[in-house]
1. Taking the residues in the range 226-240 that are surrounded by fewer than 21 Cβ atoms within 10 Å (Cβ to Cβ) and either modelled with pLDDT of 95 or more or more than 21 Å from residue 159 (Cα to Cα) (or both) as candidates, determine which candidate is farthest from ligand 2 (Cβ to nearest atom).
2. For the range 246-267, what are the residues that are surrounded by fewer than 16 Cβ atoms within 10 Å (Cβ to Cβ) and either under 14 Å from residue 166 (Cβ atoms) or out of contact with any helix residue (DSSP H, G or I) (no Cβ under 7 Å at 6 or more places or on another chain) (or both)?
3. Checking the condition more than 13 Å from the chain's Cα centre (by Cα) and either closer than 24 Å to residue 128 by Cα or in contact (Cβ under 8 Å) with a residue 60 or more places away in the chain (or both), which residue from 79, 97 passes?
4. Quick test for you: out of 170, 123, pick the one residue that is over 17 Å from residue 220 (Cα atoms), buried (at least 21 other Cβ atoms within 10 Å of the Cβ) and away from ligand 1 (no atom under 15 Å from the Cβ).
5. So in the range 231-250, with the set limited to residues that are in a helix (DSSP H, G or I) and without any contact (Cβ under 8 Å) to a residue 60 or more places away in the chain, which one is nearest to ligand 1 (Cβ to nearest atom)?
6. Pull up the range 7-41, narrow it to residues that are part of a helix (DSSP H, G or I) and modelled with pLDDT of 55 or more, then point me to the one that is nearest to residue 121 (Cα to Cα).
7. For residue 256, work out the one condition from (1) out of contact with any strand residue (DSSP E or B) (no Cβ under 8 Å at 6 or more places or on another chain); (2) touching a residue at least 40 places away in the same chain (Cβ under 8 Å) it doesn't fulfil.
8. If you take the residues in the range 42-71 that are closer than 22 Å to residue 122 by Cβ and surrounded by fewer than 16 Cβ atoms within 10 Å (Cβ to Cβ), which one is farthest from the chain's Cα centre (by Cα)?
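The values are calculated or read from the model by the stated rules, or taken from the named source; none is laboratory data. What you are looking at is a predicted structure, and each value in this text was computed from that prediction instead of being measured. Every residue, glycine among them, receives a Cβ derived from its backbone with ideal geometry; neighbour counts consider all protein chains shown.
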Ligand SMILES: Nc1nc2c(ncn2[C@@H]2O[C@H](COP(=O)(O)OP(=O)(O)O)[C@@H](O)[C@H]2O)c(=O)[nH]1
Ligand SMILES: [Mg+2]
């Protein structure tokens, strides 16, 4: 949004409009991190510069969400938050899990729009304004996609194969229209977060898939946007364990889907 534009009421976004002041949405950009002491400061600085240049129409904030890092990540994050108290905040949890970090950061935020990106900034930041604009325009959830025809994805054949296979299995088992579940680049409205996240059971890597599948199943408006993706080979993913977790999650959701959120009103 650039000032003055009202969101579709259906987005559920609250707009603060003081007299004579254009409304500005509050926006949280969460960076989940686990043992990322070497890249965290550089990525936060890049993101700060980007948000300052391109997202001036929002009251934005970067939230570093660390769980259980055993290197100097927490100290780096504390230093960043101290250096930029109005722009960088820190969430620290004692138990591991990317989903847990996102759940906590998003549910404890008072922002109108919640988003996240991986610390390696593998998804080109140039897509961020559109990701957020989708929510302003009335989508409940927006997600980056590395598997749309217009996407530009640069990653190893192994990760490409695993990703395509996983998304195919997801399609075959859940009849989803979403083509890429796992891109670490997502945004959602505060209302969608408050309604959907309590229904998401997984706290690790399957969290993203579960959130998207539930959003789709319950009729939330979802926008998948093609992105440019450059793989960072430094990964926290343990492939076999994560594949097993994902397959288990797909079966669980198929056999025991949660009930539609009582609060959902998606007319
Ligand atoms: N908070 C938190 N973040 C995590 C955890 N595991 C991974 N991450 C973060 O999740 C993001 C994606 O991880 P990455 O290893 O790049 O995944 P890949 O790109 O799929 O190989 C990075 O920002 C990681 O630091 C975790 O247990 N807790
Ligand atoms: Mg990565």
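1. Ranking the qualifying residues of the range 226-240, first place goes to 226.
2. If the condition is that a residue be surrounded by fewer than 16 Cβ atoms within 10 Å (Cβ to Cβ) and either under 14 Å from residue 166 (Cβ atoms) or out of contact with any helix residue (DSSP H, G or I) (no Cβ under 7 Å at 6 or more places or on another chain) (or both), then 247, 248, 251, 252, 255, 256, 259, 260, 262, 265, 266, 267 are the ones that fit.
3. 97
4. 170
5. The initial filter retains those residues of the range 231-250 that are in a helix (DSSP H, G or I), namely 239-250.
From what is left, the residues that are without any contact (Cβ under 8 Å) to a residue 60 or more places away in the chain are 240-242, 244-245, 248-249.
Working: 240: 14, 241: 12, 242: 8, 244: 16, 245: 12, 248: 18, 249: 16 Å.
Looking at residues that are in a helix (DSSP H, G or I) and without any contact (Cβ under 8 Å) to a residue 60 or more places away in the chain, I get 242.
6. Going through the range 7-41, the residues part of a helix (DSSP H, G or I) turn out to be 9-11, 40-41.
After this cut, where a residue has to be modelled with pLDDT of 55 or more as well, the list is 40-41.
Numbers: 40: 10, 41: 12 Å.
Going through the qualifying residues, I end up with 40.
7. For residue 256, the failing item is (2).
8. 71
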